[in-house]
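Data first, discussion second: the structure below is written as structure tokens.
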Amino acid sequence: MVDYDVLVIGAGPVGSTFAFRMAQEGYKVGVLEKKKKIGVPLQCAGLLSAKIREINDLPDEFIINKVRGAYLHSPSDHVIKVSKKETQAYVIDRVEYDKYLSQKAQDAGAEILLQHKVSNVDTSSSKVKMANTGQKVLQSKILAGCGGHCSVVSSAMNNSYNSVDAAQFLIEMKSNPLETDFVDVYVDEHISPGFIWSIPLSPHLSRLGLFGHHDYKKLNHILKNFINSNDKFQGAKVISKYHGKIPVFDLNKKIVENRAIILGDAASQVKPTTGGGLLIGFECAKFAAEAAIKSLESDDPELLKDYETSYKNKFLKELKNQLQVQKTFQELKNQELDNMFLKLKEKGAEDLISSYGDMDSQSLLVKEMIKRRILFSVLPQLLYRRMSRLWNFF
Ligand SMILES: Cc1cc2nc3c(=O)[nH]c(=O)nc-3n(C[C@H](O)[C@H](O)[C@H](O)COP(=O)(O)OP(=O)(O)OC[C@H]3O[C@@H](n4cnc5c(N)ncnc54)[C@H](O)[C@@H]3O)c2cc1C
């Protein structure tokens, strides 16, 4: 006799959303979470595209701020302003939102087992062994690995796992108040393909962070220097510091094996250009639940593969395009980045980016820029040729 229909490993936002969907359909769901408390420590900038409301439940009480545009800064501070009239993104209280999603799963009937750290998984018998709790073993019909960047289920299916470090400060502005409806993004060859972000919570508080191919200590150092050298943030007080890991999107990652699936950060389902993972993770929780329900109804683990098909149909083209954009950016030196910003401004690209830009997908914008020959004039030849090959994807 199995203990559960579905065992979810990890009570992060993606695991809780998947657990809710399964429990709501009447399946016996257990959620194993290694931590004592859900949602802490904060490891997120909490910026979610307004499309979230079409994908998952986000009550108003978790929205701290609303954003309608961005200032994009080149290394020498040529600034491109991108904006729309309507709200483009929400800045959320991620800790409370995680708790809410977990409670929602529990209210739908899922059993949440805190301080249950899974150490071993067997994808064919779908048995898991706990590192604590006296090495307890549990078995289910389906295993869902939602353990984030250090997922044990992902490690059981895949040989390697790549991630980059991210650091974030909560800062208090001393003099210059912030425009609360705009985020700031700073690019520089030394952190590329990462970037520095400032996401305002109020006129006086901001989440200032970055990710990149440096260790956490170096990222902290870069952020401190940035505060001291940037006019806008000079004198800002660091109230708290956070750090986390962002998975590197991996096209070849196996996400279904026998009776097990992985989703969210465990499956590297993050946008290559921004590192954002919540929206994709939530959509994948929906696809995974649809496939898991079919699989349980017909007692056929093969049907779990439908999840992979739905995920790839929806996201693969866009994620491949973003990988190309990311690779192109990574090769640009600071002078080239400055030139690019200047030429983009000259060519009136601010309006184009405002119309076609989208924080979740860049394909439409790149396509439009190729069509209007803007990329041709702003990128070095070699990189332009590579980007224009993107046409093949459209
Ligand atoms: C600094 C930073 C800023 C970010 N900003 C944004 C942003 O603005 N917008 C956005 O969309 N995304 C952002 N992200 C990414 C986003 O936070 C992740 O994509 C998201 O948290 C993924 O959710 P998840 O449920 O897959 O994994 P996680 O949130 O990592 O949750 C995994 C859970 O599994 C548990 N777990 C792990 N291993 C085990 C085990 N062996 N046994 C039991 N439990 C286990 C963990 O304790 C954790 O609770 C950011 C990430 C970082 C690091």
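Among 191-200, 172-181, the peptide with the highest mean count of other Cβ atoms within 10 Å heads the list, and the full ranking is 191-200, 172-181. When each of the peptides 3-11, 156-164 is scored by the mean number of other C-beta atoms lying within 10 Å of its residues, the order from highest to lowest reads 3-11, 156-164.
Give me the angle, in degrees from 0 to 90, between the Cα long axis of helix 216-229 and the longest principal axis of the Cα atoms of the chain, rounded to the nearest 10. Computed tilt is about 30 degrees. Given a Förster distance of 51 angstrom, what is the FRET efficiency for Ala131 paired with Ser229, based on the Cβ-Cβ distance and rounded to 0.05? For Ala131 and Ser229, the calculated efficiency is 0.70.
The peptide list 223-233, 142-152, put in order of mean Cβ contacts within 10 Å with the highest first, becomes 142-152, 223-233. Per the Debye formula on identical point scatterers at the alpha carbon atoms of the range 56-97, with no solvent, log10 I(q)/I(0) at q = 0.24 Å⁻¹ is -0.82. Here's how it looks for Val8: its modeled amide H is under 5 Å from those of Gly30, Val31, Leu32, Ala144, which are all 5 or more places away or on a different chain. When its C-alpha radius of gyration is set against 2.2 N^0.38 Å (N residues), the chain gives a value of 1.01. Kindly express, to the nearest 10 degrees and within the range 0 to 90, the angle between helix 278-298's C-alpha long axis and the longest C-alpha principal axis of the chain. It works out to around 30 degrees.
In this structure, the amide hydrogen of Gln269, modeled 1.01 Å from its nitrogen in the peptide plane, lies closer than 5 angstrom to those of Gly264, counting only residues at least 5 positions away or on a different chain.
Over the chain, dividing the summed -39,500 (n - 2.57) contributions of all DSSP H runs of at least 4 residues by the number of residues returns a 222 nm mean residue ellipticity of -11000 deg cm²/dmol. At an R0 of 41 angstrom, the distance between the Cβ atoms of His221 and Lys305 translates into a FRET efficiency of 0.35.
What do you get for the angle between helix 305-331 and the principal long axis of the chain? Use alpha-carbon atoms, 0 to 90 degrees, nearest ten. In the chain, helix 305-331 runs at an angle near 30 degrees to the longest axis.
Using only alpha carbons, the range 80-155 has a radius of gyration to Kirkwood radius ratio (Rg to Rh) of 1.17. A full extension of the chain between Gln103 and Glu331 corresponds to an added length of 77.6 nm, given 0.36 nm per residue minus the alpha carbon distance.
Put simply, the amide H of Leu205, placed in the peptide plane, has neighbours under 5 Å in Met173, leaving out anything fewer than 5 places away on its chain.
Annotation: average projected area of the range 1-131 is 11.2 square nanometres, based on the convex hull of Cα atoms across all directions.
As a length-normalised measure over Cα pairs under 8 Å and 6 or more apart, the relative contact order of the chain settles at 18 percent.
Wrap a convex hull around the Cα atoms of the range 113-202, take a quarter of its surface area, and give that in square nanometres.
The Cα convex hull of the range 113-202, projected and averaged over all directions, gives 10.1 nm².
Counting only lysines at least 8 places from Lys253 when in the same chain, those with an alpha carbon closer than 17 Å to its own are Lys271, Lys305, Lys312, Lys314, Lys317, Lys320. Given the options Thr133, Thr123, Thr17, state which has the largest fluctuation in a GNM of the chain using a 10 Å cut-off (strictly under) for Cα springs. Residue with maximal mean-square fluctuation among Thr133, Thr123, Thr17: Thr133.
For the range 143-202, relative contact order (Cα pairs under 8 Å, six or more residues apart, normalised by length) works out to 22 percent. For Lys81, the aspartates and glutamates whose Cα falls under 16 Å of its own Cα, not counting residues fewer than eight places away in the same chain, are Glu179, Asp181, Asp184, Asp338, Glu346, Glu350, Asp351, Asp358.
FYI, it's all coordinate maths here, none of it is from the lab. All figures in this text were calculated on a predicted structure; none of them were measured in a lab. Ideal geometry is used to build each Cβ from the backbone, glycine not excepted, and the neighbour counts take in all protein chains shown.
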